[in-house]
Amino acid sequence: MEAVEWKFGQGLRGDYDKMGADWTVPQIPDDYSDADHAMWRRLYVRQTELVKRYGARDYLDSLATLDFGPDIPRFEDINAVLRKRSGWEIVGVPGFLPDSVFFRHLAERRFPVTVWIRKPAEFDYIVEPDVFHDLFGHVPLLANPVFADFMQLYGRHAREAEPHGGTAMLGRLYWYSVEFGLIRGADGLKAYGAGLLSSPGEIAYALEDPRPRRIPFDPPRCLRTGFKIDEYQKTYFVIDNYEQLFDSFENTDLIACFRNWKDEEPFDPAIEYVGH
Ligand code: HBI
Ligand code: FE
């Protein structure tokens, strides 16, 4: 099995030796213990209260449609709904994947969902994406056709970016949108990023704390702004609608950005820079 560079430095946590060529593994619902389902229930009950208050409207509508139950959902049940809504499907994976594998799945309208769930000690924070982060955080918005199309476009551009040294920069854009993005709608400022929607603490911080900066979504700025995976964000980027995410690819000369900035130090997200 090829050695892969792991962003989180956590090594291989999942069961990586039963994977298919595309790094997928089957979800085996019978493998979940009562403790696993109880963990899902605890996370789901706590987070549902928070997203009712802080979650984006389209996210909440899709969450209601998917209608997750008190046990860890079966991927086949989710796919029956998702395929109809946006032509996407979720596939089981053992955990974090190498970029190229991850991007290929997105480019082909498949979202990799980790099959295991965190342990009680990780109730408040987990470094790697587990089934709760992926299903509760990422999957609902994949039922929104505009967002779903953006995710496929992201996968395609990310694959094209790799030979140009753009992977880390596109990873930052993903971080500040898909994971920690905010949206300003008729109901005010809300969270649409999965990292916020699945976090007990950061979702309120992102929307109510006076300390972080909240600036308009700015693709070149996102490409250049660094982040720390184990800290709340110092800067959040705000969109007005999901169509705006296409700006990342329609109005930005990505190849020029990669060429100009690929060897530059990323911006410190705590500092207000003028210009790009
Ligand atoms: N693998 N399973 C999994 N889930 C992710 O969110 C993920 C990944 N591999 C790479 C990756 N994300 C990043 O490259 C993106 O965040 C850009
Ligand atoms: Fe994620």
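Every number in this text was worked out from the coordinates using simple rules, so none of it is lab data. Bear in mind the structure is a predicted one, so any value in this text is a computation, not a measurement. Quick reminder, even Gly has a Cβ in these numbers, built from the backbone with ideal geometry, and neighbours come from all protein chains shown.
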Quiz prompt | 16 Å cut-off, amide nitrogen to a point 7 angstrom out along R214 Cα→Cβ, residues in the stretch 234-257 | solution = 234-241
Exercise. List every residue whose amide H lies under 5 Å from the amide H of T225, counting only residues 5 or more places away in sequence or on a different chain, with H placed 1.01 Å from N in the peptide plane.
Key: F267
Self-check item: Overall form of the stretch 60-139 per C-alpha gyration tensor (a/c, 1.5; a/b vs b/c)
Solution: oblate
Practice problem: Would you kindly give the portion of the calculated P(r) for the stretch 145-276 that falls above 22 Å, as a percent of all Cα pairs? | Solution: 33
Quiz item: Residue farthest toward the positive end of the dipole of the stretch 1-129, with Cβ of Lys/Arg at +1 and Asp/Glu at -1: which of W88, P129, S33?
Solution: W88
Quiz item: Just for the chain, what percent of DSSP beta bridges are antiparallel, to the closest 5?
Solution: 25
Self-check item: Qualifying GluC sites (Glu not before Pro) in the stretch 53-141, DSSP loop, other Cβ atoms within 10 Å at most 14
Solution: E108
Practice problem: May I ask for log10 I(q)/I(0) of the chain at q = 0.11, 0.14 Å⁻¹, from a Debye sum over the Cα atoms as equal point scatterers with solvent left out? | Solution: -0.60, -1.01
Exercise. State the Cα centre-to-centre distance between the stretch 183-230 and the stretch 31-98 in whole Å.
Key: 21
Practice problem: Starting from the alpha-carbon convex hull of the stretch 61-206, give the projected area averaged over all orientations, in nm². | Solution: 8.9
Quiz item: What are the residues whose amide H is under 5 Å from the amide H of I239, where those residues sit 5 or more places off or on another chain and H is modelled from the backbone?
Solution: L182, I183, R184, F217
Exercise. Would you mind checking which residues have amide H under 5 Å from V115's amide H? H placed 1.01 Å from N; only 5 or more apart, or other chain.
Key: V93, G95
Practice problem: Would you be so kind as to identify which of A186, F147, T235 lies farthest towards the positive end of the dipole of the stretch 138-242, taking Lys and Arg as +1 and Asp and Glu as -1 on Cβ and the Cα centre as origin? | Solution: T235
Exercise. Determine the dipole magnitude for the stretch 215-256: charges of +1 sit on the beta-carbon of Lys and Arg, -1 on that of Asp and Glu, nothing else is charged, the reference point is the Cα centre, and the result goes in debye to the nearest 20.
Key: 260
Quiz item: Mind listing the phi-derived Karplus ³J(HN,Hα) values for the stretch 53-64, rounded to whole Hz, using 6.51, -1.76 and 1.60 with θ = phi - 60°, and x for any glycine or proline?
Solution: 8, 10, x, 5, 4, 5, 5, 5, 4, 5, 4, 5
Self-check item: Derived scalar couplings ³J(HN,Hα) [the stretch 193-203; Karplus, 6.51 cos²θ - 1.76 cosθ + 1.60; whole Hz; x for Gly, Pro]
Solution: x, 4, x, 7, 4, 9, 9, x, x, 6, 5
Practice problem: Could you size up the charge dipole of the chain around its Cα centre, putting +1 on the beta carbon of Lys and Arg and -1 on that of Asp and Glu, and report it in debye to the nearest 20? | Solution: 460
Quiz item: For the stretch 148-194, with only Lys/Arg (+1) and Asp/Glu (-1) charged at the beta-carbon, what is the dipole magnitude about the Cα centre, in debye rounded to 20?
Solution: 80
Practice problem: Pop out the ³J(HN,Hα) list for the stretch 97-112 in order, Karplus 6.51 cos²θ - 1.76 cosθ + 1.60 with θ = phi - 60°, rounded to Hz; leave Gly and Pro as x. | Solution: 10, x, 3, 4, 5, 4, 5, 5, 4, 4, 4, 10, 6, 10, 9, x
Quiz item: By the scheme Lys and Arg +1, Asp and Glu -1, what is the net charge of all other residues having a beta-carbon under 10 Å from that of R224?
Solution: -1
